[in-house]
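Let me begin by presenting the structure, written as structure tokens, before commenting on it.
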């Protein structure tokens, strides 16, 4: 049998593209909660996938639809309330597909001036929400982990050798601590937060009372575990006083800057030296997008610009904006375009309304759960995360409860811990999550 060509007009059957489009539209409209399989269950389902001559497009697609797609838990399900969900807009999903089809090489202006200009327009919109100066800029990356790593690499280069310790709270994201380890920033002052989980300027100042070696301060614009926004204004005051770089990880919570009634929680973010926000979290972009912004982008370019005979042409002639100069990634997709397109299609108000739903659902859930005998909310939710206790439950009971909810199709949840105590955790981000799911979860906690 002749080898099936990889390229060309007839390399993929046209009738199947329509079928795939129909599947995508149905999937976007209603994502099934899904399921988790064991490795032993999955192995026979995938056996025989790769052959010398290929299965053919229709058979391969059927294998995906029947054997691969159903055996995943859908992060974009209205009932996915664990970790940090992803609920991309239809506009964002289709632009993601268009970006893949166009294969924009979005590391440089030379290769992708249109894509880079559109991404920069989106970055400017985010910078304006934060109140960053007109000089601010950056790039989109694949996620908050690489965004934090890239920003902290720049911060490290601004430190004097005798002042490069890092002050961070005990509630910072795991990727922050991983980035510090990878960057060799081992001198870390971990400041314990109080019952509200908030890293304050007062706590930072107290922790620095006998130290003069801190050159980097890291705050959270919405902690992942509890949705708590740190005292960014207080942290900025202390960072400015000691001459430290202030990085704000707003990967999850930064979208709440859209809400006038929540904007005050982020006061001080406009004074940050670097900030990240993940559009794939609460700005309804497909997974794999982080907006990284610097107050002074030239400092980042001095750290991240790569040199070599094969890339030096990117910097010939007049200075142009190359996204690869502002983060660790050289090869990159135009991951900012899905958000750009969704903003162009729906406008900013629609995004504001969608973000607000998550906050309102969290407030509703907190009140509902607090009314269940034996259940108590750890703290009133600031954003869209609710932590709660149930009398007599430890890790075993929480795990069994989570497995039962998934098996019954109620929700996918992932218990957590708070100050060492096992707790339940719900995250509301999907604007179409039905309030009735809160009642179902509350009922599962009774008795």
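The values are calculated or read from the model by the stated rules, or taken from the named source; none is laboratory data. What you are looking at is a predicted structure, and each value in this text was computed from that prediction instead of being measured. FYI the Cβ positions are ideal-geometry reconstructions off the backbone, even for glycines, and counts take in every protein chain you see.
Table for the structure above
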| read-out | value |
| --- | --- |
| Residue match in segment 97-115 (condition: in contact with a strand residue (DSSP E or B) (Cβ under 9 Å, 6 or more places away or on another chain), within 30 Å of residue 278 (Cα to Cα) and either at pLDDT below 95 or part of a helix (DSSP H, G or I) (or both)) | yes |
| Filter result (under 16 Å from residue 442 (Cα atoms) and assigned to a loop (DSSP other than H, G, I, E, B)) within segment 377-391 | 378, 391 |
| Members of segment 269-304 found to be within 19 Å of residue 382 (Cα to Cα) and either out of contact with any strand residue (DSSP E or B) (no Cβ under 8 Å at 6 or more places or on another chain) or surrounded by fewer than 19 Cβ atoms within 10 Å (Cβ to Cβ) (or both), listed by number | 281, 282 |
| Leading residue by the ranking (nearest to the chain's Cα centre (by Cα)) among those in segment 155-184 that are over 19 Å from residue 208 (Cβ atoms) and in a loop (DSSP other than H, G, I, E, B) | 173 |
| Test: residue 314 is touching a helix residue (DSSP H, G or I) at 6+ places or on another chain (Cβ under 6 Å), surrounded by fewer than 16 Cβ atoms within 10 Å (Cβ to Cβ) and touching a residue at least 24 places away in the same chain (Cβ under 8 Å) | no |
| Residue match in segment 120-131 (condition: part of a loop (DSSP other than H, G, I, E, B) and at pLDDT 95 or above) | yes |
| Helices (runs of 4 or more DSSP H) lying entirely in segment 208-310 (those with 1 or more residues that are within 21 Å of residue 185 (Cα to Cα) and either at pLDDT 95 or above or over 13 Å from the mean Cα position of the chain (by Cα) (or both)) | 232-242, 297-304 |
| Selected residue [more than 25 Å from the chain's Cα centre (by Cα), part of a helix (DSSP H, G or I), without any contact (Cβ under 8 Å) to a residue 40 or more places away in the chain and surrounded by 13 or more Cβ atoms within 10 Å (Cβ to Cβ)] from 397, 363 | 397 |
| Segments classed as helices (runs of 4 or more DSSP H), wholly inside segment 1-78, with at least 1 members that are within 25 Å of residue 411 (Cβ to Cβ) and under 23 Å from the mean Cα position of the chain (by Cα) | 14-29 |
| Residue match in segment 396-413 (condition: at pLDDT 95 or above, touching a helix residue (DSSP H, G or I) at 6+ places or on another chain (Cβ under 8 Å) and closer than 19 Å to residue 228 by Cβ) | no |
| Any chance residue 137 is under 22 Å from residue 17 (Cβ atoms), touching a helix residue (DSSP H, G or I) at 6+ places or on another chain (Cβ under 6 Å) and either in contact (Cβ under 8 Å) with a residue 12 or more places away in the chain or surrounded by fewer than 20 Cβ atoms within 10 Å (Cβ to Cβ) (or both) | no |
| The one condition in (1) surrounded by fewer than 14 Cβ atoms within 10 Å (Cβ to Cβ); (2) touching a residue at least 24 places away in the same chain (Cβ under 8 Å); (3) not in a helix (DSSP H, G or I) that residue 328 fails to fulfil | (1) |
| Test: residue in segment 420-443 that is in a helix (DSSP H, G or I), surrounded by fewer than 20 Cβ atoms within 10 Å (Cβ to Cβ), in contact with a helix residue (DSSP H, G or I) (Cβ under 6 Å, 6 or more places away or on another chain) and touching a residue at least 60 places away in the same chain (Cβ under 8 Å) | yes |
| Selection count, segment 191-207, where residues are closer than 20 Å to residue 274 by Cβ and not in a helix (DSSP H, G or I) | 2 |
| Restricting segment 233-254 to residues that are farther than 19 Å from residue 147 by Cα and touching a helix residue (DSSP H, G or I) at 6+ places or on another chain (Cβ under 6 Å), the residue that is surrounded by the fewest Cβ atoms within 10 Å (Cβ to Cβ) | 237 |
